[in-house]
Amino acid sequence: MTTNEMYDNTINELRRGVIVLAVLSQLDEAQYGYSLLKLLSDQGLALDQGTLYPLLRRLESQGLLKSDWKIEESRPRRYYIISPEGQEMLPRLKEEWNRIVSMMDGMLG
Amino acid sequence: MNLIERYVTEVGKYLPRRSRADIEAELRSTLEDMLEDRSQQAHRPVDEAMVTALLEEYGSPKKVAASYGHAQYLIGPRLYPTFMLVLQIVAFAVVLGLTIATAIAFVKTNMTPPEVLKTLGEFALNLLGGLIQAFGNVVLVFAILERVLPPSELEDKETWTPAELIKEPHPDEVKIGEMIAGIVFTMAFLLVFNFYPEIVGIWLTDNGALTQAAGLSEAFFRYLPFINISGLLTIALYIYLLRNRFWTAATRWTHIAIELIGIAIAYSMLQGPSLLKLFPMSTNTELQATLTQIFDRMVPFILLLVIILSGIEIVKTLVRLVRPAKTSLPFQK
């Protein structure tokens, strides 16, 4: 493994945990996969589909998201929205995130 | 558009059937959304070059399917350590068995140097074949276990405390290693007697060639269906026990019933005609006669041993039924 690959792997691992929080935070309004992807990328978090779609399915199976197929513009789309369980968990996740940020700030100086 | 359909179908091939249609539908709608977006940005209608570029970017179907993270294990990480342990035991048994058989052939016959070389060559070939076959059988058993055992099994130790390290095992708890070893050996036994019964018997070197001096008689095969039933029942019971982790009155009675079937088979074998038959040999006939006599006496001895061991198992199981364990279940608070 080259240094670059190791760097990429480490960055991916760092981002992996953040992505869940980012996705949950953006789904208080229903979004379909592609619109969510654009919404996140507009705010600076560029994900590829291979990361986002499986994550959405996983969060749904964990009960943090709900999804529905809706037909519009002649095309069915799957809309995701945060579930009551997810809504309940989000503030606690935010709190933990803030704690991590200030802890790491202190650690990295 | 045809290309997108093909792409979606190709991705679907690598997805588990359960979620395939759903993932395919979502992928199709995403690709169409992306195409629409690109077409608007490029101010031209969707064309094949655009589709090709998009699919290339989206990645190979295999990679896309893999991103959905359905790890497809033949033998997963939770069973792997036990699998390796059983594999080592079985491999050791194969090597030991074949080495002893070859050593006996060396001692019993006076071989010329070319014959020695030939026997050694056959030993190497048999060893290779035996090891591959043993490996295949163990893999088969564990691949089945991987699919039969519920996902939480063997890893739901949430309430684990260091106290468990020194605690006596709960008397009703199923010993996983024992069950798995039982399944592997019962399967190996059934496979040999059903599919390779011709290798069972006494082997001698006849004029330098390894020849079978005695094998299983017709009488044996009349018992085979009953042996199979009892073996399959044993495997079924052990798998059930592995899933449930604790013995219950019902499983103990089933265990007793299966042991009784075993005793009945062994008893009627004892009463019936010889289970061995002789094969004609050109030389070594004297040795053949002596060995067969010894084995003919050994068979009843083995059958008696089976009856006694089964009897002990039944008594042990009955004791457990009469005197239920007093301690609380180790995983209950």
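The values are calculated or read from the model by the stated rules, or taken from the named source; none is laboratory data. Keep in mind that this is a model prediction, so the values were computed, not measured. A quick note on method: Cβ atoms are made from the backbone with ideal geometry, for glycine too, and the neighbour counts reach across all protein chains shown. The accessibility values were calculated without ligands, DNA or RNA, using every heavy atom of the protein model including side chains. Shrake-Rupley method; radii C 1.70, N 1.55, O 1.52, S 1.80 Å.
Observations on the structure shown:
- Residue in the range B:57-65 that is in a helix (DSSP H, G or I), of a type in the set (Ser, Thr, Tyr) and within 14 Å of another protein chain (Cβ to nearest Cβ) present: yes
- Selection from the range B:15-69 of residues that are of a type in the set (Asp, Glu) and within 46 Å of the chain's Cα centre (by Cα): B:22, B:24, B:26, B:56, B:57
- Residues in the range B:65-99 that are over 29 Å from residue B:122 (Cα atoms) and in contact with a Gly (Cβ under 6 Å, 6 or more places away or on another chain): B:67 alone.
- Some residue of the range B:75-91 being open to solvent by 80 Å² or more (accessible area, probe 1.4 Å), β-branched (Val, Ile, Thr), more than 14 Å from every other protein chain (Cβ to nearest Cβ) and within 32 Å of the chain's Cα centre (by Cα): yes
- Residue B:273 vs. criteria assigned to a loop (DSSP other than H, G, I, E, B) and at pLDDT 80 or above: yes
- Top-ranked residue in the range B:101-136 [being in contact (Cβ under 8 Å) with a residue 60 or more places away in the chain and closer than 28 Å to residue B:189 by Cβ; ranked as most open to solvent (accessible area, probe 1.4 Å)]: B:108
- Subset of the range B:4-18 [closer than 20 Å to residue A:48 by Cβ and in a helix (DSSP H, G or I)]: B:4, B:7, B:8, B:10, B:11, B:12
- Of the residues making up the range B:219-275, those that are within 21 Å of residue B:145 (Cβ to Cβ), of a type outside the set (A, V, I, L, M, F, W, C) and open to solvent by 50 Å² or more (accessible area, probe 1.4 Å) number 5.
- Members of the range B:10-36 that are of a type in the set (D, E, K, R) and either away from chain A (no Cβ under 11 Å) or open to solvent by 30 Å² or more (accessible area, probe 1.4 Å) (or both): B:10, B:13, B:17, B:18, B:20, B:22, B:24, B:28, B:32, B:36
- Among the numbered conditions (1) in a helix (DSSP H, G or I); (2) open to solvent by 30 Å² or more (accessible area, probe 1.4 Å); (3) within 30 Å of residue B:150 (Cα to Cα), the only one that residue B:98 does not meet is (3).
- Hits in the range A:11-59 - residues which are more than 13 Å from chain B (Cβ to nearest Cβ), of a type in the set (Gly, Ala, Ser) and open to solvent by less than 30 Å² (accessible area, probe 1.4 Å): A:22
- Residue check, residue B:46 under 24 Å from residue A:36 (Cα atoms), open to solvent by 40 Å² or more (accessible area, probe 1.4 Å) and of a type in the set (A, V, I, L, M): yes
- Residue in the range A:60-69 that is nearest to the other protein chains (Cβ to nearest Cβ), counting only those that are open to solvent by 70 Å² or more (accessible area, probe 1.4 Å) and without any contact (Cβ under 8 Å) to a residue 24 or more places away in the chain: A:69
- Residues located in the range B:68-110, provided they are at pLDDT 80 or above and more than 24 Å from residue B:139 (Cβ to Cβ): B:68
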